[in-house]
C-alpha cells in the first residue's frame, strides 16, 4: 500500500510499504477514505518528538471502510467507521471508568517503559505518534490495522459524508472535553487561548454548554474570524494586552473559566530537554507556557482552568501562588475520545455542531508532503488539510 | 498483605522497594527453599478474579504465552517442570523447577533444582485488590547469575534485565487476562515475529 512515512525533520514521503494484517482477534483492517493532518503532526514534522523511527507511518485522525475483521471484532465488512486516536482496550480499570486515554493495555508492554519513567505510569497507545505511545502505524495511508476494534471505532450511518464526521477521531472530542473540563455554568464568561481546531471546537462547545460569552484569543486574523463566526468575542494579542482586555471586558472580575488550547493540540509528548530546545529556538516554545500562566492570572477567583494544550515535560514559573490563593481548579488530560464519540456523532447529525468549516484544503494522499509543508508554513489560512487516498492528483 | 513479603518491624512497603541491605535475607526467609541472592519483583493489578488468575498461572505451560524470554515450559509432573529460556547470542539456558508451596487462589512458590544454569526461586502472590479492582499479582524473584564466560554472557541478560523483564512480562499477563490478547504495534505478521526474537 501507499503510506506517508516519517524520515526526519521536514522529511515525510509517500512510499510503498507492506499492507497491514490482522494480528490479534480483536483487530480490524480499515481502508482509509479520509484522514487529516493534525497540528500535533507538525511537531513530528519539526522533529521535536523523541522515539520516532525512520519509516514510521503518521496520522491519527482517520476514517474509512472495514475490509477485514478478526474473530473478536464486532465490526462488519463494509461498515464506515471513524477511529479514535487513542487505542484503548475497554476492559481495564481506567476504561471501565471511561478514562480511555489512560488505558493500561493499549500501549504494548515494551513501549510502556519510557512513559513510566517520565510520568510514573504509562498512558494508552496512540496511532502514528512515536514509539513512546506504542509505535503504532498511523492512518495517513491506504490501509490501517486497528486494534481493539470492538471498543474504539464508531459506525457512521449511511448518507453522512466523511468530512462531517472525520473530526470525531480527535479534535472535536478534544475541544468538547476542554469545555466540559471548564465546568461551565449558565451565564459564565469563558476565555479560550488559541483558535486552532481544538480552540474553535472549544468555543462552539462552551456555547452549547451554556456559556453566555466566549472570548477567543489568538494572533491569526483568519482564525479569530472563524471564532467570531461562532459568536465569540476576540482579542488579538498582538494588538491588545490580553490581561487588561479580559479584565475590562468582564467588568473587573476576570473570566469564570479559562481554556488553554495554545500550541500543540491535545497530544504529543515532550521530554524536558526537548522542551528546552523548543524554548530556545522557536517562538512557540516561549509562548506556550506563557498562555497557561496568563490564563491562571486572568481567571476569576474560584474559577476553573481547563488545559487541553499539551505539556509533556516540566514548566517553570508556574504561578502556583495565584493558583492557590485564588482557589482555582485545574482539569486537563489526553482526550477520552471513545467516551465522547456517540453523543458528538448525534450532535453532528442534528447539526448542533459544525465541523466542515475548518477544512481549508483537500489533497490526494500522494500529495501529503505538500500538505505538511502548507500546514506548517501558512498557519493563518491553512486551518485543516484533509488527505484522501482515492482522490485524483491536483484536485482542490 | 502476608508478613512473608513485608518486614513487620519496618514499614508496609514490599521488600523489592526496600533500601535495606537485609531485604534479600527477608525474601529468602519467605521461601521454603530459596535459590539466588539477587532480588527483583513487581506488582500489577489485573481486573479479573483471583481464582481465574491463579488457575491460569498454575498451568505452567501457559506462561510462555506472556513471558517473552521463555521459549518453553515442559510440565514433568504436578510439581516439577523443565524451563528453556532464551539467552543472548542465540543461546538458551535451562533448569528444572519444583513448586515448593502452592495455595489455591493465593500463591505459587518455586525453586530450581540443583544443576540449574541460573539458580532461581520465587513466589507469585495473588491478593484481592481494594475497591473491587480485581487482583494484585506480585512477583518476587531471587536469582543467582553463574560465573565464567558463558555466565557473564548470561549475567548480562539476567543481571541487567530481570527487573525490566518481570515488569514487561507482568504487563503482558495483565493484557492477556483483561483483553484476551497481547497488544502489539506490529503491522504485519513478519514484523511481529521480528519483534519477538
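Read-outs throughout are calculated quantities, based only on the coordinates presented, and are distinct from any laboratory measurement. Bear in mind that the values here come from a model prediction, so they are computed numbers and not experimental data.
Compactness of the protein assembly as shown was expressed as the Cα radius of gyration divided by 2.2 N^0.38 Å, which yields 1.06. Projected over all directions and averaged, the alpha-carbon convex hull of chain B occupies 11.8 nm². Rg over Rh for region B:1-100 works out to 1.00, using Cα positions for both radii and the Kirkwood form for Rh. Note on region A:29-68: Kirkwood radius taken over Cα pairs, Stokes-Einstein applied at 25 °C and 0.890 mPa s, translational D equal to 212 µm² s⁻¹.
By the Kirkwood approach, averaging reciprocal distances over each pair of separate Cα atoms, region B:98-146 gets a hydrodynamic radius of 12.0 Å. Treating each Cα of region A:8-121 as an identical point scatterer and ignoring solvent, apply the Debye formula and state log10 I(q)/I(0) at q = 0.20, 0.21 Å⁻¹. So the normalised log intensities work out to -1.43, -1.47. Would you look at the GNM of chain B, springs on alpha carbons closer than 10 Å, and say which of B:36, B:89, B:122 moves the most? Between B:36, B:89, B:122, it is B:89 that shows the largest mean-square fluctuation. When the Gaussian network model of chain A links Cα atoms closer than 10 Å, the mean-square fluctuations of A:240, A:34, A:205 top out at A:240. For chain A, a Gaussian network of Cα nodes joined below 10 Å ranks A:91, A:141, A:36 by mean-square fluctuation, and the top entry is A:91. In deg cm²/dmol, rounded to 500, what helix-only [θ] at 222 nm does chain A give when every DSSP H run of at least 4 residues adds -39500 (n - 2.57) and the total is split over its residues? After summing the helix terms and dividing by the residues of chain A, the value is -8000 deg cm²/dmol. Relative contact order for region B:24-196: 27 percent, from Cα pairs under 8 Å spaced at least 6 residues apart, divided by residue count. Using the rule -39500 (n - 2.57) for each DSSP H run of four or more residues, divided by the residues of chain B, the 222 nm mean residue ellipticity is -8500 deg cm²/dmol.
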